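Reading through the structure tokens given below for one structure.
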Amino acid sequence: MVSHDLESLRVVGSNAMDFRQETVAGLAEQVAAGKVSSRELVQHALDRIDALNGEINAFVAVDGERALEQAAIVDERIARGEQVGDLAGIPIGVKDLEDAAGFATVKGSAVFAGDGPVAADSALVARLKDAGCIVLGKTNTPELGWTAQTYNPTFGITRNPWNPAHTPGGSSGGSAAAIASGMVPLATGSDGGGSIRIPSALCGLSGFKPSLGRVPGGGPHPPDWQHLSTKGPMARTVGDIALALDEVIGPDPTDLRSLPMPEASWQGAVDEPHVPMKVAWSPTLGYAEPDAEVRRLCEASLRALEALGAEVVEVGTVFDEDPLLPWLTLSSTYNLRTLEAVRGTDAWDNIDPMLAMLVERAASFSALDLVNAEDACHRLNVRLVELFHDVRLLVCPVTACAAPKCGEAGIVNGAADIAWVKYTYPFNMTRSPAGTVPVGLTADGLPVGLQLVGPQHGDMVVLRTMAALEASLGLEALAPIG
């Protein structure tokens, strides 16, 4: 039985290093200057994983020996005066939907649990490694990333460092929990319906989903979730995210959706935070209802935007109806493609029952159903274009409530609500850049995030506003685990 006693998670010792109180840039600079070794950073990460992962279950696979060997190579190169990458020595976790050479890509599924290690990195992991990052292992995800709580029959439940009785969200919940607990300062995530923004918000992190195509998903295999999912780095602050993004954005000839390299540095942009003149606030998007405490915390952050010079106007309806059904049509069909080979076999019985039900339903879809779902994406984007004629940024809640208890529905205004994640998937359908910034804690001590959505390819305006809001709010609370 897993204890939920927070005292059991406290790390006591003489080692004062805490990734949560350092920046990724600062750590990399210390490594490059020889003030701290890459081996020390990796060993600290391994010690933290050893101390906390039994309770949090953020990592599902770790290869400490190989990570220390790679760290030693970085230290030797620095000692010889060689140029190392801007992220040299930074230990990272890789979400278990993403390929990292030497590790199996299990995708949280018994279907792939017997697969051996992959031989090559994904484009995202390869670029992070080229910048000097050191992969420690794989972080947990719900099976095929299908849901907003991180659990699966193969690796079990991942828990929120702020309160282990609660979920860290999903599907990048393992990465978010690893960062929030100080196991690593940087990790990878992917977002096909909110899967970077939701766990970032529930774990008290800033998080960012780039425009589709900014971070390439190329390689020999087609992307799992085609036009919905975007990959990207995850960290505590927008500055660290932008630093890592500068290393991984840019075109890849094998990715049909990849975008050209931006002219300006994104890290440079967040070093000069700025808010747009006019911002739309929509507490419901036209179809959702937030918990009163979430709404209060989000609206308090609007005053910070106003103090920074933004005019905030409330918009009651952004979309005429909840676009959940067309989103499910697309995402379920993508998962059908992944699991089609095991339908009707004994392996099917090991798949999460709800996922299996959605995939079976997708098997009955017609080609016209898929085209209609894509048409819904077009209409949602047209509505955003109309909105962005009048404002430069849209803000709304990330989730309708703070982190639910593991395996339970969210609680919205005192009532159980299984649809507590209604605010994120529309902006996967529109391919919009979207981020989240922590805006406070509930009375129960759980983080709440504000979502910021930009126009097509307006990544820069989202990042700069995130940086301005993050600096203005000055929220420095850490998960109470030592």
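The values are calculated or read from the model by the stated rules, or taken from the named source; none is laboratory data. All figures in this text were calculated on a predicted structure; none of them were measured in a lab. Because the Cβ atoms are built from the backbone with ideal geometry, glycine has one as well, and the counts that use them run over all protein chains shown.
The numbered conditions (1) buried (at least 17 other Cβ atoms within 10 Å of the Cβ); (2) at pLDDT below 95; (3) among the acidic types (D, E) are all true for D459 except (2).
For segment 32-50, a residue qualifies if it is surrounded by fewer than 18 Cβ atoms within 10 Å (Cβ to Cβ) and either under 23 Å from the mean Cα position of the chain (by Cα) or under 15 Å from G137 (Cα atoms) (or both), and the qualifying residues are D47, D50.
Rundown of residues vs (1) surrounded by fewer than 18 Cβ atoms within 10 Å (Cβ to Cβ); (2) in contact with a helix residue (DSSP H, G or I) (Cβ under 9 Å, 6 or more places away or on another chain), yes/no style:
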{"position": "P323", "(1), (2)": "no, yes"}
{"position": "N335", "(1), (2)": "no, yes"}
{"position": "C401", "(1), (2)": "no, yes"}
{"position": "E408", "(1), (2)": "yes, no"}
{"position": "W420", "(1), (2)": "no, no"}
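When segment 164-193 is limited to residues that are touching a Pro at 6+ places or on another chain (Cβ under 8 Å) and part of a strand (DSSP E or B), the one that is nearest to D18 (Cα to Cα) turns out to be L186. For segment 244-266, the set of residues classified as in contact (Cβ under 8 Å) with a residue 24 or more places away in the chain, of a type outside the set (A, V, I, L, M) and either surrounded by fewer than 16 Cβ atoms within 10 Å (Cβ to Cβ) or farther than 16 Å from P433 by Cβ (or both) consists of E247, P251, D252, P253, T254, D255, listed by residue number.
The condition of being closer than 29 Å to V111 by Cβ, aliphatic (A, V, I, L, M) and not in a helix (DSSP H, G or I) holds for only one of A443, A403, that being A403. Residue count for segment 406-419, restricted to those that are among the hydrophobic types (A, V, I, L, M, F, W, C), part of a loop (DSSP other than H, G, I, E, B) and touching a residue at least 40 places away in the same chain (Cβ under 8 Å): 2. Per the conditions (1) within 23 Å of the chain's Cα centre (by Cα); (2) without any contact (Cβ under 8 Å) to a residue 40 or more places away in the chain; (3) closer than 30 Å to T442 by Cα, the sole criterion not satisfied by D322 is (2).
Within segment 194-219, if we keep just the residues that are in a helix (DSSP H, G or I) and small (G, A, S), the residue that is surrounded by the most Cβ atoms within 10 Å (Cβ to Cβ) turns out to be S200.
Considering only segment 129-146, I want to know if a residue exists there that is in a helix (DSSP H, G or I), touching a residue at least 12 places away in the same chain (Cβ under 8 Å) and surrounded by fewer than 24 Cβ atoms within 10 Å (Cβ to Cβ). Checking segment 129-146: at least one residue is in a helix (DSSP H, G or I), touching a residue at least 12 places away in the same chain (Cβ under 8 Å) and surrounded by fewer than 24 Cβ atoms within 10 Å (Cβ to Cβ).
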